[in-house]
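My questions will all concern the structure given below.
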Amino acid sequence: MEDSRTYNITWLPGDGIGPEVTREALRVMEAVADTHGFSLSVDEHLAGGAAIDATGEPLPETTRTACQESDAVLLGAVGGPKWADTTGDQRPESGLLALRKVLGVYANLRPVRVPESLADASPLRPERVADTDVLFVRELTGGIYFGTPRGRTEAGVANTMVYSEEEIERIAHIAFQRAQLRGGHVTSVDKANVLDVSELWRSVVTDVKEEHYPDVELRHLYVDNAAMQVVRDPRQFDVVLTGNLFGDILSDLAAALPGSLGLLPSASVGGTVGLFEPVHGSAPDIAGTDQANPIAAILSGALLLDEIDETAAADAVRWAVDATLEDGRRTGDLAASADAASTSEFGRAVAERAADHTPQTTTAS
Ligand code: NAD
């Protein structure tokens with residue numbers, strides 16, 4: 001039967017371990033595409049340091065156009081010591097910021113999961129973190145990082161936290177919609193006891209819930225309490241909705257829970273095309289050695305599949321990652337080196353598991 005669904009994916013391998021881990025993500029996505037009746041048309045382009053070396057700029061026009069014209073973008077990571085002397089718009093990382101802007105993505109999604117099989121790797125007690133499954137929904141293009149006035153003023157130096165009602169509404173919709181697909185609970189984080197902008201945040205989020213999502217539970221937490229709760233009892237959270245600054249800090253705090261940076265995926269959505277990338281950087285210390293953990297990239301691929309509405313395939317990817325971990329396979333960040341699987345061995349193991357998965361498969365054995 002001819003395939004009716006084909007998705008155009010722009011692949012930006014980037015620098016350091018970026019090519020190694022995203023290659024495995026594509027391998028796994030292709031395995032589930034086969035079994036779920038769709039195909040991926042993957043178009044590779046340069047970004048970051050690799051693009052600087054080839055073209056002199058971190059986000060060449062051809063890359064920009066390819067990303068804008070595709071269904072989704074999968075990115076490895078950019079940057080590294082080779083480009084440490086670059087400045088301003090010529091830095092590899094500025095290519096990534098420019099890409100987020102071009103795509104208009106304003107919502108950053110960062111799931112933090114601690115499967116039972118990895119709870120021992122957490123800096124917290126295993127019984128406290130096992131089965132944690134939180135989705136951080138962070139506003140990405142507003143708030144104090146972008147508000148004006150900024151810089152020198154008569155009084156000193158300023159940064160200004162500004163949110164419009166519209167900016168709060170659109171990120172709230174994303175959080176409530178995600179909660180409907182998960183545990184049905186949103187925790188909105190603010191500092192409404194001190195900040196005027198947080199008062200508006202709290203009232204707009206409440207209105208959006210009451211008007212559109214009566215089925216989702218909502219609670220509000222002050223950011224200082226939220227930080228404490230993330231460490232004290234991370235399992236109490238389903239979806240955590242935050243502004244830009246609070247989300248930056250809280251999602252990094254929560255990123256410590258699983259015990260390796262190599263486990264954390266992310267998605268930036270809400271604009272014309274979504275951008276999917278691991279939370280980690282280019283890890284120059286292990287680049288080129290086939291040692292990196294590809295799970296963050298593979299799970300970024302699952303978020304990509306969610307976004308293009310191939311949710312059964314996305315679930316198959318997550319299931320396959322858990323099943324591979326339950327099989328006892330680990331990369332070097334989570335195992336003694338003698339027992340560690342290489343990046344490509346681990347990726348192949350997940351792809352094999354994923355290809356076996358059918359929508360009826362529910363256990364990892
Ligand atoms: P990093 O995330 O690259 O590495 C931090 C530590 O975590 C290193 O010891 C690394 O080996 C380890 N690590 C990271 N990912 C891993 C994985 N998948 N498997 C196993 N171990 C892993 O952070 P850094 O060293 O501060 O930054 C290196 C470069 O990456 C810098 O140029 C930085 O600007 C860039 N960076 C890029 C992004 C991005 O592209 N989104 C994000 C963060 C950092």
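Using a 1.4 Å probe, how large is the accessible area of Asp327, given in Å² and rounded to the nearest 10?
90
Okay, moving on. Compare the Cα positions of Ala255, Gln177, Val208 along the charge dipole of region 123-257 (+1 at Cβ of Lys, Arg; -1 at Cβ of Asp, Glu; about the Cα centre) and return the one farthest towards the positive end.
Of the candidates, Ala255 comes out farthest on the positive side.
List, in order, the whole-Hz ³J(HN,Hα) value for each residue of region 71-83 obtained from phi through the Karplus relation with A = 6.51, B = -1.76, C = 1.60 and θ = phi - 60°; use x for Gly and Pro.
With the stated coefficients, region 71-83 comes to 7, 6, 10, 10, 10, x, 7, 10, x, x, x, 4, 10 Hz.
Just reorder Lys209, Lys82, Lys101 by solvent-accessible area, largest first, 1.4 Å probe, all chains present.
I get Lys101, Lys82, Lys209, largest accessible area first.
Show the residues, 5+ positions off or on another chain, whose built amide H is closer than 5 Å to the amide H of Glu44.
Residues meeting the amide H criterion: Trp11.
Magnitude of the Cβ-charge dipole of region 1-148, K/R +1 and D/E -1, about the Cα centre, nearest 20 debye?
It comes to approximately 540 debye.
Send over the Kirkwood Rh of region 104-197, from the inverse of the averaged 1/r over different Cα pairs, rounded to one decimal Å.
Answer for region 104-197: a Kirkwood hydrodynamic radius of 16.0 Å.
Out of all DSSP beta bridges with both ends in region 123-257, state the antiparallel percent to the nearest 5.
Counting DSSP beta bridges with both partners in region 123-257, the antiparallel share is about 20 percent.
May I ask for the percentage of alpha-carbon pairs in region 1-103 that lie more than 18 Å from each other?
48
Okay, moving on. Relative to the present Cα-Cα distance, how much length would full extension add between Glu69 and Ser39 at 0.36 nm per residue of separation?
Here the segment from Glu69 to Ser39 would lengthen by 9.1 nm.
Same structure again: Under a plain spin-label model, where a point goes 7 Å from the Cα along Cα-to-Cβ, how far apart in nm are Arg152 and Leu97?
Once both label points are built, they end up 2.0 nm from each other.
If you count only protein heavy atoms and use a 1.4 Å probe, how large is the accessible surface of Val231, to the nearest 10 Å²?
In the full protein context, Val231 sits at about 60 Å².
Also: For region 279-286, what does the Karplus curve 6.51 cos²θ - 1.76 cosθ + 1.60, with θ = phi - 60°, yield as ³J(HN,Hα) per residue in whole Hz, taken in order and with x for Gly and Pro?
6, 6, x, 8, 6, x, 5, 10
Treat every Asp and Glu Cβ in the chain as -1 and every Lys and Arg Cβ as +1, leave all other atoms uncharged, and give the resulting dipole magnitude about the Cα centre to the nearest 20 debye.
740
Can you work out ³J(HN,Hα) from phi for every residue in region 327-340, in order, using Karplus 6.51 cos²θ - 1.76 cosθ + 1.60 and θ = phi - 60°, giving whole Hz and x for Gly and Pro?
For region 327-340, the Karplus curve yields 5, x, 7, 8, 8, x, 6, 10, 8, 4, 4, 5, 9, 7 Hz.
Counting only protein heavy atoms and a 1.4 Å probe, tell me what percentage of the chain's accessible area is made up of carbon and sulfur.
48
Top to bottom by accessible area (1.4 Å), largest first, where do Ile298, Ile174, Ile286 land?
Descending accessible area places them as Ile286, Ile174, Ile298.
Please give the per residue accessible area of the chain, computed with a probe of 1.4 Å over protein heavy atoms only, in Å².
Here the residues of the chain average 44 Å² of exposed surface.
While we're on this one: If the convex hull of the alpha-carbon atoms of region 222-365 is projected onto planes in all directions, what is the mean projected area in square nanometres?
10.3
In addition: Where the only charges are on Cβ atoms (+1 Lys, Arg; -1 Asp, Glu), what is the dipole of region 123-257 about its Cα centre, to the nearest 20 debye?
Approximately 480 debye in magnitude.
Under 5 Å between amide H atoms, partner at least 5 residues away or on a different chain: which partners does Leu241 have, H built in plane at 1.01 Å?
Close amide H contacts, sequence-distant or interchain: Val137, Thr187, Ser188, Val189.
Which lysines does Lys191 reach when only Cα atoms under 25 Å apart count, and residues fewer than 8 places away in its own chain are ignored?
Once the sequence-local lysines are set aside, what remains near Lys191 is Lys209.
Which percent of Cα-Cα pairs in region 123-257 sits in each 10 Å bin, short to long?
With 10 Å bins starting at 0, P(r) equals 12, 42, 32, 12, 3, 0.
Divide the volume of the convex hull of the Cα atoms of the chain by its number of residues and quote the answer in cubic angstrom per residue.
Spread over its residues, the Cα hull of the chain gives 152 Å³ apiece.
Report the antiparallel proportion of the DSSP beta bridges in the chain as a percent, rounded to a multiple of 5.
40
The values are calculated or read from the model by the stated rules, or taken from the named source; none is laboratory data. Note that the coordinates shown come from a computational prediction; the quantities given were computed from them, not determined experimentally. Using ideal geometry, Cβ is built from the backbone for each residue, glycine included, and neighbour counts are taken over all protein chains shown. The accessibility values were calculated without ligands, DNA or RNA, using every heavy atom of the protein model including side chains. Shrake-Rupley method; radii C 1.70, N 1.55, O 1.52, S 1.80 Å.
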